[in-house]
1. Using the number of other C-beta atoms within 10 angstrom as an exposure proxy, rank 138, 145 with the fewest first.
2. Could you state the angle between the C-alpha long axis of helix 2-24 and the longest principal axis of the C-alpha atoms of the chain, as a value from 0 to 90 degrees rounded to the nearest 10?
3. Would you look at the GNM of the chain, springs on alpha carbons closer than 10 Å, and say which of 60, 121, 244 moves the most?
4. Pairs of Cα atoms under 8 Å, at least six residues apart: use those to get the relative contact order of the chain, whole percent.
5. Can you sort 297, 216 so the residue with the fewest Cβ neighbours within 10 Å comes first?
């Protein structure tokens, strides 16, 4: 019994030390007293957090077929049904852009609550199941399209798992990358000269591209690899650091792709975003729970960065 108790105490102490060490290794990106806080629980599988200009957080509960709202205290329904929406982001006018799994489309919620379909097919074939999106300052919407959410009984019609761009001016849909296994989260560098795309398939890495003329990508290369779990949602902060969800929590990388440190979370996060009144709170959607931690930075676009970069 004494041995068992000693081992338990050692496990607790080691775990606490590991969390303290991981978070202290973030090189000033977190306050000294920063702690992961659980904001809500009892959810099914949550994804796609985005901070709304009106001052609240929205996120998807995919199996529940709802987009939820967290107002600082309580969780309520924001949109239902949601066609099993996954990733969400905010455009330049503060409108919510959502990637619908079962709807197999990307939609925009207008100010009156109505939905505008932005993309649902490519070359005459249904999209797979749009996963996550990001909006450029010129209004162009980029999104990933892996097959994770294709409804049972339906088939994949696209020959690849593409990364797409919806041109802001022409509204045309262009495939900008076709060589991903399962493209997932994506974000821009602060100057929008680079696009980062997570591959949550077999590679389990994040790639980075130069953004070229006419919304094309060049010079793709591996930016970093995730050592535990897979990269899912990713965000860029104002200094160009990349924050990625991972198996044990959040991994933070410098603009050069060097691991700065880790934030350990009780449940494995699927996605994350910056938000809060000053933009310095990192929100994490992790399986059945919503978590947050205070930081010393903001998202690449500042307070209302949401999922936009």
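1. Starting with the residue having the fewest Cβ neighbours, the order is 138, 145.
2. 50
3. Of 60, 121, 244, the Gaussian network model singles out 121 as fluctuating most.
4. On the way: 874 pairs, mean separation 55.1, N = 309.
Relative CO of the chain lands at 18 percent.
5. On the way: 297 19, 216 13.
In increasing order of surrounding Cβ atoms, one gets 216, 297.
Quick note: the coordinates plus some simple rules give every number you see, no bench work behind them. This is a predicted model, so every value here is computed, not measured. With ideal geometry, Cβ positions are generated from the backbone for all residues, glycine too; neighbour counts draw on all protein chains shown.
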